[in-house]
């Protein structure tokens, strides 16, 4: 089975929590990248959203893939591979090859579905994708908003239909249908 | 160098691994998305806070 990192919610009570989707997703990706192994440097382990946020900026607001890549390289010695406008078939293949990925999505695509973890929110968002299920092509998505904070809110990783993830990625403002902005972990599988 | 083509999703994992290595080696991460001056950065006024957010819930 593909290595599964622990789920990290962004709504953890920390500073900037509701703009920490990218740091939370990168915390999970970093855990996957290292298969849970502490680099034994002078930073805390395991990866948590506030540490990544604090490394990026003292201000709140959205963060991008490049800022998070730089932060997790410094904190956890994790070297993510960022690629923009990745064709969907290519993205699928990289996930099947044994990599996880942080992807940029537009939440308006998720809002009408049972995977909506923040009713009313339709903006840009980042989630961590861990693996693809061969039987139906679904993807195991770690949405940092899916913390089960009340009834009706999903909790933890969920299997999203491939078509849903594809549409959500393609609806991101600078992408287009069939394209993905993603930051990949290394191939962690034996 | 010919552009690598992704294998069928049901192909053996080794084929996907080979493709992934070729793809990542052939594409620079310096290629930035066009038509988005913010370069993926979410505008400061794009509020991530869930509409139903209640501090007591966290």
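The values are calculated or read from the model by the stated rules, or taken from the named source; none is laboratory data. Note that the structure is a prediction, hence the values are computed from the model and not measured. Positions of Cβ are generated from backbone atoms using ideal geometry, with glycine treated the same way; all protein chains shown enter the neighbour counts.
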Quick one: which residue in A:72, A:102 is more than 12 Å from every other protein chain (Cβ to nearest Cβ) and modelled with pLDDT of 95 or more?
A:72
Being within 14 Å of the chain's Cα centre (by Cα) and surrounded by fewer than 20 Cβ atoms within 10 Å (Cβ to Cβ), is that true of even one residue in the stretch A:52-63?
no
Name, by its number, the condition in (1) surrounded by fewer than 16 Cβ atoms within 10 Å (Cβ to Cβ); (2) part of a helix (DSSP H, G or I); (3) away from every other protein chain (no Cβ under 14 Å) that does not hold for residue A:40.
(2)
Does residue A:73 satisfy the condition of being in contact (Cβ under 8 Å) with a residue 24 or more places away in the chain and closer than 30 Å to residue A:178 by Cβ?
no
Residue in the stretch A:108-117 that is within 12 Å of another protein chain (Cβ to nearest Cβ), farther than 30 Å from residue B:12 by Cβ, crowded, with 24+ Cβ neighbours inside 10 Å and at pLDDT 95 or above present
yes
Which ones in the stretch A:1-29 are part of a helix (DSSP H, G or I) and free of Cβ contacts under 8 Å to residues at least 60 places away in the same chain?
A:17, A:18, A:19, A:23, A:27
Would you be able to say whether some residue in the stretch A:15-25 is more than 10 Å from chain B (Cβ to nearest Cβ) and over 16 Å from the mean Cα position of the chain (by Cα)?
yes
Here is a list: A:130, A:85. Which entry is part of a strand (DSSP E or B), within 12 Å of chain B (Cβ to nearest Cβ) and out of contact with any helix residue (DSSP H, G or I) (no Cβ under 6 Å at 6 or more places or on another chain)?
A:85
